[in-house]
Amino acid sequence: MHKAGFVNIIGNPNVGKSTLMNAFVGEKLSIITSKAQTTRHRILGIVNGENFQMVLSDTPGIIKPAYELQESMMDFVKSAFDDADVLIYMVEIGEKELKDDAFFNKITNSKIPVLLLLNKIDTSNQEQLEEQVQAWSEKVPNAEIFAISALEGFQVQEVFTRIIELLPDSPPFYPKDQLTDKPERFFVNETIREKILLHYKKEIPYAVEIDTEEFLEEDDIIRMRSVIMVERDTQKGIIIGHKGSALKRVGIEARKDLEKFFGKQIHLELYVKVNKNWRSNTNQLKRFGYNQK
Ligand SMILES: Nc1nc2c(ncn2[C@@H]2O[C@H](COP(=O)(O)OP(=O)(O)OP(=O)(O)O)[C@@H](O)[C@H]2O)c(=O)[nH]1
Ligand SMILES: [Mg+2]
């Protein structure tokens with residue numbers, strides 16, 4: 001007997017979807033920041049056991065798209081509805097509901113099991129918690145509700161065990177030693193983007209895309225060269241900073257994380273390039289792994 005299935009995590013931006021997936025997988029596959037729209041792709045995290053394979057999908061937070069990149073992000077969310085065996089709808093303490101009615105109706109009318117995870121309960125009290133569980137059970141009556149803290153690991157194991165119970169009988173979909181569907185360069189790009197989300201304000205992180213042009217693995221070192229793409233000249237100056245200090249910080253912090261991730265010494269070369277309006281350019285988006293309909 002073997003169980004396997006797709007467990008797709010969806011919800012509003014910033015509720016903790018990526019934190020939960022990383023907790024299940026035990027690796028930092030998805031970047032995490034306190035800013036909305038941190039995740040831009042659908043990222044698989046595969047948890048393998050002797051008798052099961054749980055294929056988790058982390059997805060971008062649901063928003064009303066304003067430009068092509070965001071439309072592509074919402075296509076990733078749509079695809080996560082289409083192939084799920086178990087749907088995880090994550091909400092956070094204090095939030096109301098999805099601003100997108102079509103997605104919300106898909107959840108409430110879902111034919112497959114829905115687990116509604118009320119996250120960040122470490123920031124809540126008992127009274128508020130009970131009130132919210134009650135409200136959600138009325139709004140999404142078809143869901144099983146778990147109150148969790150993905151960050152502190154509270155009730156995470158219980159959710160994991162319940163998902164295993166819900167997985168259909170099936171042979172594995174991926175080789176049993178595979179952890180994700182994304183190539184190494186993707187994690188380099190994401191690590192650099194995380195540092196940019198952390199250190200730059202306002203529109204800058206949303207105008208940035210990373211392209212790792214070189215990834216050369218040697219015995220004891222990996223040599224990488226990545227381009228930080230921005231939409232305008234002024235943004236290029238901001239990324240670089242005074243005498244290059246801002247860019248240098250990004251490079252130092254990204255390299256530290258990448259050394260942990262790959263378990264090897266890293267040489268990381270960064271440079272900045274203007275790629276006008278890439279967020280609205282279909283061909284550019286395809287090149288960066290979006291718009292793959
Ligand atoms: N207090 C608290 N914070 C949490 C918890 N889970 C996640 N966070 C924080 O919430 C913020 C967003 O977490 P993410 O995992 O990036 O959220 P996300 O839903 O993937 O966000 P997007 O990718 O932008 O849609 C981060 O600052 C996390 O540290 C939790 O259980 N408790
Ligand atoms: Mg995320």
Checklist entry - Among the residues of the range 71-129, which ones are part of a strand (DSSP E or B) and touching an Asp or Glu at 6+ places or on another chain (Cβ under 8 Å)? => result Val91, Val114, Leu115, Leu116, Leu118, Asn119
Checklist entry - Can you find even one residue in the range 90-109 that is farther than 26 Å from Trp136 by Cα and at pLDDT below 95? => result no
Checklist entry - Assuming Lys276 fulfils every condition listed in (1) loosely packed, with under 14 Cβ neighbours inside 10 Å; (2) free of Cβ contacts under 8 Å to residues at least 24 places away in the same chain apart from one, which condition is it? => result (2)
Checklist entry - Across the range 22-39, which residue is surrounded by the fewest Cβ atoms within 10 Å (Cβ to Cβ) among those that are more than 8 Å from ligand 1 (Cβ to nearest atom) and in contact (Cβ under 8 Å) with a residue 24 or more places away in the chain? => result Glu27
Next on the checklist: Among the residues that make up the range 173-189, is at least one of them under 25 Å from the mean Cα position of the chain (by Cα), buried (at least 20 other Cβ atoms within 10 Å of the Cβ) and closer than 16 Å to Tyr271 by Cβ?
Outcome noted: yes
Checklist entry - So is Asp101 loosely packed, with under 15 Cβ neighbours inside 10 Å, under 25 Å from Arg40 (Cβ atoms) and without any contact (Cβ under 8 Å) to a residue 60 or more places away in the chain or not? => result yes
Checklist entry - Can you spot a residue in the range 243-265 that is free of Cβ contacts under 8 Å to residues at least 60 places away in the same chain, in contact with a helix residue (DSSP H, G or I) (Cβ under 6 Å, 6 or more places away or on another chain), in a loop (DSSP other than H, G, I, E, B) and under 28 Å from Gln70 (Cβ atoms)? => result no
Item to check | Subset of the range 200-220 [exposed (fewer than 14 other Cβ atoms within 10 Å of the Cβ) and over 15 Å from Leu270 (Cβ atoms)] | outcome: Lys201, Lys202, Glu203, Leu216, Glu217, Glu218, Asp219, Asp220
Item to check | the range 25-59: number of residues that are within 10 Å of ligand 2 (Cβ to nearest atom) and over 22 Å from Ala254 (Cα atoms) | outcome: 1
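Table: residues versus (1) within 12 Å of the chain's Cα centre (by Cα); (2) within 20 Å of Arg185 (Cβ to Cβ); (3) at pLDDT 95 or above; (4) not acidic (Asp, Glu).
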position: Val7; (1), (2), (3), (4): no, no, yes, yes
position: Val15; (1), (2), (3), (4): yes, no, yes, yes
position: Phe24; (1), (2), (3), (4): no, no, yes, yes
position: Asn48; (1), (2), (3), (4): no, no, yes, yes
position: Phe52; (1), (2), (3), (4): no, no, yes, yes
position: Lys64; (1), (2), (3), (4): no, no, no, yes
Checklist entry - When both residues are 6+ apart or on different chains and their Cβ atoms are under 7 Å apart, which pairs have a first residue that lies in the range 127-152 and is polar (S, T, N, Q), and a second that is away from ligand 1 (no atom under 16 Å from the Cβ)? => result Asn142/Thr108; Asn142/Ser110; Asn142/Val114
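The values are calculated or read from the model by the stated rules, or taken from the named source; none is laboratory data. Quantities reported herein were computed from a predicted structural model and do not represent experimental measurements. Positions of Cβ are backbone-derived with ideal geometry, glycine not excepted, and every protein chain shown enters the neighbour counts.
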